[in-house]
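Undergrad: My structure is below; once you've seen it, I'll send some questions.
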Amino acid sequence: MPEWLVERGIGETRYALVDHGEIVEARIDLERVIPAGTKLAATLLKTGRNGIARDGDGNEYLLPSGASGITEGTAFELIVTRSEIPGAEPWKRPLARVASDADAGEPLPARVGILPPDWNDLVEEARTGIVRFDGGELRIASTPAMTLIDVDGTLRAQELAVAGAEAAASTILRLDIGGSIGIDLPTIAGKVERQAVGEAVDAILPKPFERTAMNGFGFLQIVRPRRRASLIELAQDRAMFEARALLRQASFQPPGAKCLAAHPAVIDILSGKREWLEALGGQVGGAVSLRADASLPISGGYAEPA
């Protein structure tokens with residue numbers, strides 16, 4: 001039976017839904033980013049549609065549905081519906097709605113444990129945007145408006161369209177992609193054949209989501225809830241993404257003092273996060289030092305005995 005595992009790392013908390021030893025869904029919550037589903041106290045700053053509220057830590061939230069019956073300056077409880085999305089549009093506030101008495105937050109039931117080895121494959125997919133499947137591959141690009149998935153391969157057009165749709169739907173879950181998603185598939189003729197492509201998506205993606213039919217140009221659009229940044233979006237902040245990945249890698253090394261060797265951009269991030277290095281030192285039982293190496297690719301950092 002599928003089971004959610006949680007791995008509390010340095011700078012991030014990782015979740016994976018594991019079925020028969022493989023990850024079928026995943027998500028990452030960054031430290032200091034309030035996750036969707038959190039219930040908290042806030043003060044209303046602006047009324048009306050797209051109202052604004054502020055919590056006790058100074059974080060502001062956009063209320064797309066407003067806050068009916070609540071006046072400006074009044075304290076109330078809200079539920080975060082979409083956490084802060086880092087990346088190309090840092091000015092965008094997280095989203096929330098007014099909480100009701102029935103709301104108790106939405107904690108994810110998960111067992112603390114070590115994630116399966118294919119977590120590393122998932123991280124590689126996020127950083128490259130390339131996902132391979134039998135007979136083809138996906139190439140994923142994230143924009144502020146939409147995540148685009150291009151399907152290419154060597155199968156016949158009908159087979160590739162169905163296999164690509166299945167791979168895209170599975171990848172949407174694995175990389176936690178929400179919002180508007182466009183899938184560019186091989187062009188195929190015939191209404192029945194195009195319907196088979198949509199049915200392949202429906203068989204994998206859980207509700208709620210909406211989709212268009214595949215059109216005559218091979219394009220299919222999906223819209224699903226967007227509750228946090230996808231792994232693709234997190235990986236766009238490359239140096240920060242790779243710094244956290246390196247800390248995870250180092251945490252599984254044999255005990256003892258460590259030197260983290262990495263691209264200078266990654267070392268710059270870690271140099272400013274002494275609390276992260278101290279946390280890693282506590283895990284490995286020794287001091288942690290840093291060494292910048294410009295010859296390393298940004299994803300090529302490693303830990304060595306100090």
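Undergrad: Restricting to the stretch 170-189, and then to whatever is at pLDDT 95 or above and β-branched (Val, Ile, Thr), can you tell me which residue is surrounded by the fewest Cβ atoms within 10 Å (Cβ to Cβ)?
TA: So, considering only residues that are at pLDDT 95 or above and β-branched (Val, Ile, Thr), the one surrounded by the fewest Cβ atoms within 10 Å (Cβ to Cβ) is Thr171.
Undergrad: Could you go through the stretch 20-28 and let me know if any residue there is hydrophobic (A, V, I, L, M, F, W, C), crowded, with 20+ Cβ neighbours inside 10 Å and either free of Cβ contacts under 8 Å to residues at least 24 places away in the same chain or more than 20 Å from Pro206 (Cβ to Cβ) (or both). First the steps, then the outcome.
TA: To start, the set of residues in the stretch 20-28 that are hydrophobic (A, V, I, L, M, F, W, C) comprises 23-24, 26, 28.
Right, trim to crowded, with 20+ Cβ neighbours inside 10 Å and you get 23, 26, 28.
After this cut, where a residue has to be either free of Cβ contacts under 8 Å to residues at least 24 places away in the same chain or more than 20 Å from Pro206 (Cβ to Cβ) (or both) as well, the list is none.
So far as the stretch 20-28 goes, no, none of its residues is hydrophobic (A, V, I, L, M, F, W, C), crowded, with 20+ Cβ neighbours inside 10 Å and either free of Cβ contacts under 8 Å to residues at least 24 places away in the same chain or more than 20 Å from Pro206 (Cβ to Cβ) (or both).
Undergrad: What tally of residues in the stretch 26-77 results from selecting those that are part of a loop (DSSP other than H, G, I, E, B), charged (D, E, K, R) and farther than 26 Å from Lys273 by Cα?
TA: 2
Undergrad: Okay, moving on. Name, by its number, the condition in (1) of a type in the set (Lys, Arg); (2) farther than 19 Å from Gln221 by Cβ; (3) out of contact with any Asp or Glu (no Cβ under 8 Å at 6 or more places or on another chain) that does not hold for Arg127.
TA: Checking Arg127 against (1) of a type in the set (Lys, Arg); (2) farther than 19 Å from Gln221 by Cβ; (3) out of contact with any Asp or Glu (no Cβ under 8 Å at 6 or more places or on another chain), the one that fails is (3).
Undergrad: Among what's in the stretch 130-169 and is of a type in the set (Gly, Ala, Ser) and within 14 Å of the chain's Cα centre (by Cα), pick the residue that is modelled with the lowest pLDDT.
TA: If we take residues in the stretch 130-169 being of a type in the set (Gly, Ala, Ser) and within 14 Å of the chain's Cα centre (by Cα), then Ser142 is modelled with the lowest pLDDT.
Undergrad: Additional query: Let me confirm something: among Glu89, Glu84, which residue is at pLDDT below 90 and under 30 Å from Ala167 (Cβ atoms)?
TA: Glu89
Undergrad: Further question on the same structure: Give me the residue from the stretch 228-276 that is part of a loop (DSSP other than H, G, I, E, B) and of a type in the set (Lys, Arg) and, out of that set, surrounded by the fewest Cβ atoms within 10 Å (Cβ to Cβ). Step through it out loud before you land on a result.
TA: Pass one, the stretch 228-276, residues part of a loop (DSSP other than H, G, I, E, B): 228-230, 237, 252-257, 263, 272-273.
Imposing the further condition that a residue be of a type in the set (Lys, Arg) reduces the set to 228, 273.
Numbers: Arg228: 24, Lys273: 18.
Among those that are part of a loop (DSSP other than H, G, I, E, B) and of a type in the set (Lys, Arg), it is Lys273.
Undergrad: To continue, here is another question. Test of understanding: among Ser83, Ser100, which residue is of a type in the set (Ser, Thr, Tyr), without any contact (Cβ under 8 Å) to a residue 24 or more places away in the chain and over 30 Å from Phe133 (Cα atoms)?
TA: Of the residues listed, the single one that is of a type in the set (Ser, Thr, Tyr), without any contact (Cβ under 8 Å) to a residue 24 or more places away in the chain and over 30 Å from Phe133 (Cα atoms) is Ser100.
Undergrad: Can you work out which of the residues in the stretch 196-227 that are within 21 Å of Leu95 (Cβ to Cβ) and assigned to a strand (DSSP E or B) is nearest to the chain's Cα centre (by Cα)?
TA: Looking at residues that are within 21 Å of Leu95 (Cβ to Cβ) and assigned to a strand (DSSP E or B), I get Arg224.
Condition check ((1) in a helix (DSSP H, G or I); (2) hydrophobic (A, V, I, L, M, F, W, C); (3) surrounded by 15 or more Cβ atoms within 10 Å (Cβ to Cβ)) across all residues:
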residue: Arg97; (1), (2), (3): no, no, yes
residue: Ser100; (1), (2), (3): no, no, no
residue: Asp103; (1), (2), (3): no, no, no
residue: Pro109; (1), (2), (3): no, no, no
residue: Ile114; (1), (2), (3): no, yes, no
residue: Trp119; (1), (2), (3): yes, yes, yes
residue: Val123; (1), (2), (3): yes, yes, yes
residue: Ala126; (1), (2), (3): yes, yes, yes
residue: Arg132; (1), (2), (3): no, no, no
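Undergrad: If you take the residues in the stretch 134-173 that are part of a helix (DSSP H, G or I) and touching a strand residue (DSSP E or B) at 6+ places or on another chain (Cβ under 6 Å), which one is nearest to Lys207 (Cα to Cα)? Even if it seems obvious, please write down each step before you answer.
TA: Our first condition is that a residue be part of a helix (DSSP H, G or I); within the stretch 134-173, this holds for 157-173.
Those still in the list that are touching a strand residue (DSSP E or B) at 6+ places or on another chain (Cβ under 6 Å) too: 160, 164, 167-168, 171, 173.
Numbers: Leu160: 24, Gly164: 20, Ala167: 17, Ala168: 16, Thr171: 16, Leu173: 12 Å.
Among residues in the stretch 134-173 that are part of a helix (DSSP H, G or I) and touching a strand residue (DSSP E or B) at 6+ places or on another chain (Cβ under 6 Å), the one nearest to Lys207 (Cα to Cα) is Leu173.
Undergrad: Which residue, of Arg82, Arg139, is among the basic types (Lys, Arg), assigned by TED's automatic domain parsing to the domain that holds Val201 and in contact with a Gly (Cβ under 9 Å, 6 or more places away or on another chain)?
TA: Exactly one residue qualifies, and that residue is Arg139.
Undergrad: Here is a follow-up. Name the single residue, out of those in the stretch 138-158 being charged (D, E, K, R) and surrounded by fewer than 16 Cβ atoms within 10 Å (Cβ to Cβ), that is farthest from Ala229 (Cα to Cα).
TA: Looking only at the stretch 138-158, we keep the residues that are charged (D, E, K, R), and these are 139, 150, 152, 156.
Those still in the list that are surrounded by fewer than 16 Cβ atoms within 10 Å (Cβ to Cβ) too: 139, 152, 156.
Working: Arg139: 18, Asp152: 26, Arg156: 34 Å.
My answer is Arg156.
The values are calculated or read from the model by the stated rules, or taken from the named source; none is laboratory data. Computed from a predicted model, the values in this text were never measured in an experiment. For neighbour counting, all protein chains shown are included, and Cβ atoms are generated from backbone atoms with ideal geometry for every residue, glycine included.
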